[in-house]
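Heads up, the thing below is written out as structure tokens.
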Amino acid sequence: MPRLTKKALLKHLNKSDKEDIIREVVTIFDKFKNVREFYSAELTDEANPLLLKYKRKIAEAYARPNPKEKTTNSNINRLVAEFKKVSIYNRDTADLMLYRVECGVAAFGYDINRTATFYNSILTTFDTAIRLIYSEGYEEEFKARVKKVIKEAEPGKYAIAERMADITVKL
């Protein structure tokens, strides 16, 4: 079966009548969780409930007592990846990634004896978030949060605050 292209999809939709398209959308809405989450975020007038849901999950992951760092990092990476699948706004993705960094920095504030892997995970997410913020032109919107998280990272090990500051300077 050949790969479906956007052009082929548009051709299919253009020759379909409105009722057929509505039926197809309802079918995929019923079948796929990502589609339900997408429409949930799109059809609400309030702050993105999906973003708030994922932020809450990230906060809960970091708040667990005696967390296993590897498990925490992989679970949070999975959450961010899931969110990217359903979010259509890069601003929300950048917001969630920066929130993950803020929670991670707060977590090593509770326990300074984190591994280099933990710090590197936070740093990698920070780097990705900063690249997204700069590529989309959101610098002014996120400037205060970025400065604050770098400042809060200063007590951390492995020169994390300096490395974070270097990332913002390079871009």
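Can you compute log10 of I(q)/I(0) for the chain with the Debye formula, treating each Cα as one identical point scatterer, at q = 0.09, 0.10, 0.14, 0.20 Å⁻¹?
-0.41, -0.49, -0.81, -1.31
Tally up the carbon and sulfur contribution to the accessible surface of the chain as a whole percent, 1.4 Å probe, everything protein left in place.
Numbers: 6100 of 10960 Å².
Solvent-exposed carbon and sulfur of the chain make up 56 percent of the total.
Convex hull over the Cα atoms of the stretch 112-151, averaged projected area in nm²?
Working: hull surface 11.9 nm².
So the Cα hull casts an average projection of 3.0 nm².
Count the net charge of all other residues whose Cβ sits under 12 Å from the Cβ of N75, scoring Lys and Arg as +1 and Asp and Glu as -1. All intermediate terms of the calculation are to be shown ahead of the outcome.
On the way: positive: K57, R64, K68, K70, R78, R100; negative: E60, E69, E82.
So the surrounding residues net to +3.
In whole percent, what relative contact order does the chain give with Cα contacts below 8 Å and a gap of six or more residues? Numbers along the way, then the final one.
On the way: 119 pairs, mean separation 30.3, N = 171.
That works out to 18 percent.
Roughly how many Å² is the accessible area per residue of the chain, as a whole number, for a 1.4 Å probe? Mind dumping the intermediate values first?
Values: 10960 Å² over 171 residues.
About 64 Å² of surface per residue is accessible.
Given the DSSP H assignment, sum -39500 (n - 2.57) over each helix run of at least 4 residues in the chain and divide by its residue total; what's the result at 222 nm in deg cm²/dmol, nearest 500? Mind dumping the intermediate values first?
Working: 9 runs with 134 residues, N = 171.
Only helices count here, giving -25500 deg cm²/dmol.
Using only the alpha-carbon atoms of the stretch 46-117, report the extent along each of the three principal axes, biggest first, to the nearest angstrom.
Principal-axis extents of the stretch 46-117 (Cα, largest first): 37, 20, 18 Å.
Report, in degrees rounded to the nearest 10, the 0 to 90 angle that the Cα long axis of helix 69-86 makes with the longest principal axis of the chain.
The answer is roughly 30 degrees.
The values are calculated or read from the model by the stated rules, or taken from the named source; none is laboratory data. If you're wondering where the values come from, they're calculated on a predicted model, not measured in any experiment. No Cβ is skipped: glycine too gets one built from the backbone with ideal geometry, and neighbour counts run over all protein chains shown. Surface areas here come from the heavy atoms of the whole protein model, side chains and all, with no ligands, DNA or RNA. Shrake-Rupley method; radii C 1.70, N 1.55, O 1.52, S 1.80 Å.
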